[in-house]
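Read the structure below first, then the notes.
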Amino acid sequence: MAAEQPSFPDYSNYQRLPSMVLGFHGCDESVGEDVLSGKLPHLATSVNKYDWLGEGIYFWENDPLRAMEWAVAAKDNPRLSKGKIKSPFVVGAVIELGHCLNMTSRVGVEEVKVAHQILVKAFEKVGAELPKNTGNGFFRSLDRAVIEALHESRKTAEKALPPYDTVRAAFSEGGPAFPGSGFDDRSHIQIAVREKARIKGYFRPICA
């Protein structure tokens, strides 16, 4: 007989994060300059079926170097970016996290687990197969589907729940930073901004 799971208080109120963070986005120089000049009001929302955190404008939190590495990699591998990158570039943004699906918290992870159960039932009902994460976990179609199911379930709940402005998660990537290390070479935190008003401004990063 399985042990009964303990009941914990509802801490969902702490998913609202008032802090400002700096985010960095890798792109082509022409796009970056258009955003910085105001010609484009915002970076484009990513809607790829394999996006790790669902739909949103993607940023590397406090990590301009990782954003530049991604832009350089996307120049050589067009599959990584819908827009072609000829000249790798980084745009900085000041982001107010607001109501954040924070996957670095237990509350956020538990909500995603519930969303996965909802998605499984929906696919079973129509006899369809769940999406899968592929490419050694790089193309995360399952994770995207779960997160989008979460957003939809909040919208359609009997008592509608407030939408999330941002989604934030930590990822391990790149293998050990040094032999025997528990740190990965390209570990990072990513943010997907769903509510554009949470982006308070763009800036040009300064190299030391």
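The values are calculated or read from the model by the stated rules, or taken from the named source; none is laboratory data. This one's a predicted model, so the numbers in the text were calculated from it and none came from an experiment. With ideal geometry, Cβ positions are generated from the backbone for all residues, glycine too; neighbour counts draw on all protein chains shown.
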**Request:** Only residues that are touching a residue at least 60 places away in the same chain (Cβ under 8 Å), surrounded by fewer than 16 Cβ atoms within 10 Å (Cβ to Cβ) and within 17 Å of the chain's Cα centre (by Cα): list them for the stretch 149-185, please.
**Result:** Pro163, Ala170
**Message:** If Arg168 meets every condition in (1) in a helix (DSSP H, G or I); (2) at pLDDT 95 or above apart from one, which number is that one?
**Reply:** (1)
**Request:** Would you check if there is a residue in the stretch 116-127 being touching a strand residue (DSSP E or B) at 6+ places or on another chain (Cβ under 9 Å), surrounded by fewer than 16 Cβ atoms within 10 Å (Cβ to Cβ) and not charged (D, E, K, R)?
**Result:** no
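This table checks each residue for (1) charged (D, E, K, R); (2) closer than 13 Å to Gly92 by Cα; (3) free of Cβ contacts under 8 Å to residues at least 40 places away in the same chain; (4) surrounded by 15 or more Cβ atoms within 10 Å (Cβ to Cβ).
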| residue | (1), (2), (3), (4) |
| --- | --- |
| Tyr14 | no, no, no, no |
| Leu17 | no, no, no, yes |
| Leu22 | no, yes, no, yes |
| Gly26 | no, yes, no, yes |
| Val31 | no, yes, no, yes |
| Lys39 | yes, no, yes, no |
| His42 | no, yes, no, no |
| Asp51 | yes, no, no, yes |
**Request:** Scan the stretch 113-148 for residues that are without any contact (Cβ under 8 Å) to a residue 24 or more places away in the chain, assigned to a helix (DSSP H, G or I) and either over 30 Å from Ala197 (Cβ atoms) or not aliphatic (A, V, I, L, M) (or both) and jot them down.
**Result:** Lys113, Gln117, Val120, Lys121, Phe123, Glu124, Lys125, Val126
**Message:** Could you tell me how many of the residues in the stretch 116-174 are in contact with a Leu (Cβ under 6 Å, 6 or more places away or on another chain) and hydroxyl-bearing (Ser, Thr, Tyr)?
**Reply:** 2
**Request:** Being closer than 18 Å to Val109 by Cα and among the acidic types (Asp, Glu) is the filter here, so list the residues in the stretch 154-208 that pass it.
**Result:** Asp165
**Message:** Exactly one condition in (1) of a type in the set (Phe, Trp, Tyr); (2) in a helix (DSSP H, G or I); (3) at pLDDT 95 or above is false for Phe89; which is it?
**Reply:** (2)
**Complete:** Going through (1) at pLDDT below 95; (2) among the aromatic types (Phe, Trp, Tyr); (3) under 18 Å from the mean Cα position of the chain (by Cα) one by one, Phe123 fails only at (3)
